[in-house]
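Asker: I have a structure here, written as structure tokens, and I will follow up with some questions on it.
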Amino acid sequence: MIAGLILAGGQGRRLGTVEKGLILLAGQTLLAHGIAQLRQQVDRIAISGRASLAEQAEGLPILPDGPFEGHGPLAGLLAGLEWAAGQGATSLLTLPVDTPFIPTDLAARLNPAPACAVSRGRTHHLVALWPVSAASALRNLLVSGSNRAVTALTEQLGCRTVTFAEDPDPFTNINTPDDLAIAAARLH
């Protein structure tokens, strides 16, 4: 079974320090876009983020970062892997909340785990399929405090890359007001 995790814990500084998951794109929150994308591809979904997302979470569990709060997306990933293990999943598909255009076959193309997406020569380390068994390696990495970069984990796991050549880029991030305007135009 594949579970899904929307990484929505970022602070959206370049968008005016707003909760990215609550930003509207074509009348829906970015969180709603992510949920709709993942529902087509995974068996269960959780959200890594703050309790302030609860109203928009469609009843899905919101996972706090726990003891590694402030350690960036790896803390959210660990919470997601542990949650997925409790659900009986063998792998976890992660998606940053600010990437609303993922392919509908993302999970299938990234399978088997570990694998992450590449587009336009850029590796998207958080658009990835992780083996749930990676939780212990990630916990050890976080406890050591040596390197909190997602690339440290992908290298340790021997994560393979899968190239997506779609046009426009399916992993476009919404980081600025201009990015949001471009994304909105893409949906019309």
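Here is a yes/no grid of residues against (1) part of a loop (DSSP other than H, G, I, E, B); (2) touching a Ser or Thr at 6+ places or on another chain (Cβ under 7 Å); (3) crowded, with 17+ Cβ neighbours inside 10 Å; (4) not aliphatic (A, V, I, L, M):
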residue: 58; (1), (2), (3), (4): yes, no, no, yes
residue: 84; (1), (2), (3), (4): no, no, yes, no
residue: 94; (1), (2), (3), (4): no, no, yes, yes
residue: 104; (1), (2), (3), (4): yes, no, no, yes
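Asker: Report the residue count in region 28-40 for those that are farther than 12 Å from residue 5 by Cβ, under 15 Å from the mean Cα position of the chain (by Cα) and either buried (at least 18 other Cβ atoms within 10 Å of the Cβ) or charged (D, E, K, R) (or both).
Answerer: Looking only at that region, the number is 6.
Asker: Residues that are touching a Phe, Trp or Tyr at 6+ places or on another chain (Cβ under 7 Å), at least 1 per element: which strands (runs of 3 or more DSSP E) completely within region 108-188 meet that?
Answerer: The qualifying strands (runs of 3 or more DSSP E) are 115-119, 122-131.
Asker: Please work out if residue 58 is in contact with a helix residue (DSSP H, G or I) (Cβ under 8 Å, 6 or more places away or on another chain) and at positive phi.
Answerer: Answer is yes for this residue.
Asker: Six or more apart or on different chains, Cβ atoms under 7 Å: show the pairs whose first residue is in region 60-84 and of a type in the set (Val, Ile, Thr) and whose second is outside any helix (DSSP H, G or I).
Answerer: Filtered contacts from region 60-84: 62/47; 62/49.
Rundown of residues vs (1) out of contact with any His (no Cβ under 6 Å at 6 or more places or on another chain); (2) aliphatic (A, V, I, L, M); (3) over 17 Å from residue 121 (Cα atoms), yes/no style:
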{"residue": "136", "(1), (2), (3)": "yes, no, yes"}
{"residue": "149", "(1), (2), (3)": "yes, yes, yes"}
{"residue": "153", "(1), (2), (3)": "yes, yes, yes"}
{"residue": "156", "(1), (2), (3)": "yes, no, yes"}
{"residue": "169", "(1), (2), (3)": "yes, no, no"}
{"residue": "188", "(1), (2), (3)": "yes, no, yes"}
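Asker: Another one. Looking only at region 90-132, count how many residues are of a type in the set (Gly, Ala, Ser) and in contact (Cβ under 8 Å) with a residue 40 or more places away in the chain.
Answerer: Here the count works out to 6.
Asker: In addition: Where residues in region 151-188 are under 20 Å from residue 102 (Cα atoms), aliphatic (A, V, I, L, M) and surrounded by 14 or more Cβ atoms within 10 Å (Cβ to Cβ), which of them is modelled with the highest pLDDT?
Answerer: Filtering first and then ranking leaves 162.
Asker: Taking the condition modelled with pLDDT under 95, surrounded by 19 or more Cβ atoms within 10 Å (Cβ to Cβ) and under 19 Å from residue 127 (Cα atoms), does residue 80 pass?
Answerer: no
The values are calculated or read from the model by the stated rules, or taken from the named source; none is laboratory data. Nothing here was measured: the structure is a model prediction, and the numbers come from that model. Backbone-built Cβ (ideal geometry, glycine too); neighbour counts: all protein chains shown.
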